[in-house]
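Only one structure is covered here, and it is reproduced in the block below.
The values are calculated or read from the model by the stated rules, or taken from the named source; none is laboratory data. If you're wondering where the values come from, they're calculated on a predicted model, not measured in any experiment. So basically every Cβ, Gly included, is an ideal-geometry build from the backbone, and we count neighbours across all protein chains shown. Accessible surface is based on the protein model in full, side chains and every heavy atom, while ligands, DNA and RNA are left aside. Shrake-Rupley method; radii C 1.70, N 1.55, O 1.52, S 1.80 Å.
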Amino acid sequence: MREINASIGTDKRLWRQDLAGSRAHVTMLGAQGIIPAADVTAILAGLDTIHAEYEAGGVPEDIALEDIHMTTETRLAQLIGPAAGRLHTARSRNDQVAVDFRLWVKAACAQTDAGLKALTLALLARAEEHADTIMPGFTHLQVAQPVTLGHHLLAYVEMLRRDRSRFADAAARMDECPLGSAALAGTGFPIDRAATAAALGFARPTANSLDSVSDRDFALDYLSAAALTGLHLSRFAEEIIIWASQPYGFVTLPDAWSTGSSIMPQKRNPDAAELVRAKAGHLLAAFQHLGIVMKGLPLAYSKDMQDDKAGVFAAHDTLDLCLTAMTGMTETLTFNKDRMRAAAASGFSTATDLADWLVRDAGVPFREAHEITGRAVKAAEAAGTTLDGLTDAALAAIDPRITPGVRSVLSVEASVASRTSFGGTAPANVRAAIAAAREALA
């Protein structure tokens, strides 16, 4: 029973938050005249001593004391005697753990946001470097249309922008302090919950004592945002893995972000990217686990909720590691521009440009233009060339409305330059999007 009931091995990570909550609580108790000023002074001094001890030597793990709360309270009693017992006036371990955990997750949102911002800045720097670099855009992993590498990298900037907004939204929602809700019903002592909320950096106290001690939405919000971020990082990691393979050869990973083989000395394996791809599964599973823990719990507190923290702590650590790894890879990848450009020119990637030109310049209905372009692709395929490689005479033979003016759109460079619609791949658009993103970050 002691072993299954104890959580000190996990919740010792909350010691800073636990001490901060206790300082705010006892200061309020003194200000409200609920406990003597001398006891407040003694308790605060004892908490400072414990802080120094934990900082220097870590939190001792005694499963007989169950958790960080009883571990700290027991040590406080050893230091200052019976006055330590006044600290728990007008609170419960239920609201104590709720405020500790909420403080930790709120800080985690800020830490994760910093990691997301660092990766965003790395992507923007590489996108600016490659605003004109041509690469193939894919659908179904088939060459579809040429795009710029800068535009491709900016797609991940957009994903990370949404990720940052989710963590910001989560942090705003959890900016309420449950301390003072006690076990579930509030307290009869004349406490000042607004004062403790302000002391701990919350915008306001929570509104309902039952919800206050039984809510873990804030943790699920964090895990939901983390899961989506992990999904986005995994997609980017997958592309790096594909691009680094010899059939593609779009990128070369530096030695710092790749590994060799135990028997094949020529190998440069994208292990960091592969591990990021794998760890996304842990982030998705963490959300599912806590959702399953919470889904059937009646109000208010149940011991099931003690199992809420390990997954959140692990998810935060995993996400931080993945963001750091992806930032390092992004900053140091070498892009093979010639291979990218050659791949972009394959697969008749400017076929849509020919069809659009027929519509725009020759007045051909799109469906007819689509059919004409299909004939042009077949002709180029038979000739073993690209659409741009077909002669003016060959193009005119396919349809007399195809004039030499079509040359303005048939090259991959002309294709990307023409995509100037808002959100398009044209280099000018890429540079404008980078400038806008940096302004938003600033």
query: Does residue 352 fit the bill of being at pLDDT below 90 and on the phi < 0 side of the Ramachandran plot?
result: yes
message: Which numbered condition in (1) open to solvent by 60 Å² or more (accessible area, probe 1.4 Å); (2) in contact with a Pro (Cβ under 8 Å, 6 or more places away or on another chain) is the only one that residue 344 fails?
response: (1)
- request: Kindly list, by first and then second residue, each pair from a residue in segment 169-191 that is in contact (Cβ under 8 Å) with a residue 12 or more places away in the chain and within 18 Å of residue 216 (Cβ to Cβ) to a residue that is open to solvent by 50 Å² or more (accessible area, probe 1.4 Å) and assigned to a loop (DSSP other than H, G, I, E, B), limited to pairs with Cβ atoms under 6 Å and residues at least 6 apart or on different chains.
  value: 175/203
task: Working only within segment 202-237, note down all residues that are open to solvent by 40 Å² or more (accessible area, probe 1.4 Å) and closer than 16 Å to residue 279 by Cα.
output: 224, 228, 231, 235
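For every residue, the table says whether it meets (1) in contact (Cβ under 8 Å) with a residue 24 or more places away in the chain; (2) crowded, with 20+ Cβ neighbours inside 10 Å.
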residue: 8; (1), (2): yes, no
residue: 12; (1), (2): yes, no
residue: 22; (1), (2): yes, yes
residue: 27; (1), (2): yes, no
residue: 49; (1), (2): yes, no
residue: 53; (1), (2): no, no
residue: 56; (1), (2): no, no
residue: 88; (1), (2): no, no
- request: Name the residue, out of 158, 176, that is open to solvent by 40 Å² or more (accessible area, probe 1.4 Å), at pLDDT 95 or above and under 30 Å from residue 336 (Cα atoms).
  value: 158
- prompt: Based on what the data block shows, is residue 324 part of a helix (DSSP H, G or I) and crowded, with 16+ Cβ neighbours inside 10 Å?
  reply: no
- prompt: Of everything in segment 238-264 that's small (Gly, Ala, Ser) and without any contact (Cβ under 8 Å) to a residue 24 or more places away in the chain, which residue is most open to solvent (accessible area, probe 1.4 Å)?
  reply: 262
message: For segment 350-365, which positions are surrounded by fewer than 22 Cβ atoms within 10 Å (Cβ to Cβ), in contact (Cβ under 8 Å) with a residue 40 or more places away in the chain and of a type outside the set (S, T, N, Q)?
response: 356, 361, 362
- request: Check 285, 207 and return the single one that is modelled with pLDDT of 95 or more and in a loop (DSSP other than H, G, I, E, B).
  value: 207
statement: Here the residues within segment 1-56 that are at pLDDT below 95 and basic (Lys, Arg) are 2
